[in-house]
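Below: the structure, in structure tokens.
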Amino acid sequence: MENTHKALFLLLLLIALSPLTLLGGCSSPPKKHLKSIVEPDIGYLDSKYRVCRENCPVRTPKVLDDAEYIQVTIPAPTLSPPPPKLTEMTFDIQFEFGKHTLTNEGKKTLELLTQSARSASSIELLGGTDDIGTERYNEKLAHSRVLFVASWLNKHDIDSKLISVVAKGACCRLSPYNKSEIALIKMRRVVARVVQLPETQNK
């Protein structure tokens, strides 16, 4: 009778503990923090950092290429040449007193101006006089002299578009100003400024 009671007690105890056993089997193992699994052989597996113990991925071996490399020479950048500098030549064309008639020296200078003007990019003519006479007369005389030179150049196939004229009978005296005969002669003139490119000047 006593044995029957013990067997019955053990059966009831097993029935009572069986749910706990089933629940224990269904529970997942406790998660470990990342710091607790960091070891020298850690690897990135299954989208997570894991300790690699078996079937670890093999690193791809690096093969050194002993072939000689071709040396590539990069050419230096091509610099565009600087723009040519313009040069300016000045001619003083002398006139007779009170007239727009050339002196002998003025005729020679005008010939030189004509040669240089054939390769010019621009020509500026500035007519002048001495200070003898009225301002109105000198303005008219300076204008006549500068038009004479411009007309001469145009008749010798110099493009009139290259020529600009200015008459300054009442200004633009030589400095320092004096009334000696030599100084007055120098004032009776047309100053021609010819702008040229260097290569055209030597042609």
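No lab work stands behind these numbers, since they all come straight from the coordinates. Treat the numbers as computed from the prediction; the structure is a model and nothing was measured. Using ideal geometry, Cβ is built from the backbone for each residue, glycine included, and neighbour counts are taken over all protein chains shown.
Take each peptide in 95-104, 126-135, 140-149, 113-122, count the other Cβ atoms within 10 Å of every residue, and average; sorted highest first, the result is 140-149, 126-135, 113-122, 95-104. Ranking Ile93, Ile185, Leu153 by Cα position along the charge dipole of the stretch 87-201, where only Lys, Arg, Asp and Glu carry charges on their C-beta atoms, puts Ile185 farthest toward the positive end.
Given +1 at the Cβ of Lys and Arg, -1 at the Cβ of Asp and Glu and no other charges, the dipole of the stretch 82-129 around its Cα centre is 120 debye to the nearest 20. Could you sort out which of Lys107/Lys168; Lys155/Lys179; Lys85/Lys140 sit more than 31 Å apart by Cα distance in this structure? Among Lys107/Lys168; Lys155/Lys179; Lys85/Lys140, the Cα-Cα distance tops 31 Å for Lys155/Lys179; Lys85/Lys140. Using Cβ point charges alone (K and R +1, D and E -1), the dipole size of the stretch 87-201 about the Cα centre works out to roughly 260 debye.
Under the simplified labelling scheme, the Lys108-Ser80 pair shows an inter-label distance of 4.5 nm, with each label point 7 Å from Cα along Cα→Cβ.
With R₀ set to 35 Å, the beta-carbon distance separating Arg118 from Ser180 gives a calculated FRET efficiency near 0.45.
The length gained on full extension between Ser151 and Glu135, counted as 0.36 nm times the residue separation minus their Cα-Cα distance, comes to 3.3 nm.
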